[in-house]
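J.: Before we start, here is the structure in question, set down as structure tokens.
Derivation of every value follows stated rules applied to the coordinates shown; laboratory data play no part. Please read all numbers here as calculations on a predicted model, not as lab measurements. Glycine also receives a Cβ, built like all others from the backbone with ideal geometry; neighbour counts cover every protein chain displayed.
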Amino acid sequence: MTDSDLPVATILLRLYVENNNRHLRGKKRAIADIVQGVLPIYGETRHLQRNEYQMKISYRTDADLDKIMGDLLRDIALEADLRNCFSESEAVLEGTDRSW
């Protein structure tokens, strides 16, 4: 199966990043790093509005999609942590009630 034959999931990502406390700064830079450095690794990304992104992610099986989404959310949290922030982001498979 070639990459073009793989199913593509349309994911709605709600990116929530906050500073760890009011004395630390970094939220703006963390979001920029996530949008420019993390999201493109996982698939085509389109900014919808303030903190929402639509992503097209290729996958082989449902278990594979679960792993990809877990990795994506982990990478978002790690990038936020590097800037003294935390992430409570969520992702939803469009057209379903499936979420991560």
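J.: Are there trypsin sites (Lys or Arg not before Pro) in region 9-55 that DSSP marks as loop and that have at most 12 other Cβ atoms within 10 Å, and which are they?
T.: Taking region 9-55 and a limit of 12 other Cβ atoms within 10 Å, the loop trypsin sites (Lys or Arg not before Pro) found are Arg22, Arg25, Arg50.
J.: Now for a different question. Say the dipole of region 3-93 comes from +1 at the beta carbon of Lys and Arg and -1 at that of Asp and Glu; which of Met55, Ala9, Ala30 then lies farthest toward its positive end?
T.: In region 3-93, that residue is Ala30.
J.: How large is the translational diffusion coefficient of the chain in µm² per second when you combine the Kirkwood radius over alpha carbon pairs with Stokes-Einstein at 25 °C and 0.890 mPa s?
T.: Estimated diffusion coefficient is 175 µm²/s.
J.: What is the magnitude of the charge dipole of the chain about its Cα centre, with +1 placed on the Cβ of each Lys and Arg, -1 on the Cβ of each Asp and Glu, and no other charges, expressed in debye to the nearest 20?
T.: Working: 14 positive and 17 negative charges, 132 e Å.
For the chain, the charge dipole is close to 640 debye.
J.: As I understand it, the value is the acute angle between the Cα axis of helix 62-82 and the longest principal axis of the Cα atoms of the chain; what does it come to in degrees, rounded to 10?
T.: That works out to roughly 20 degrees.
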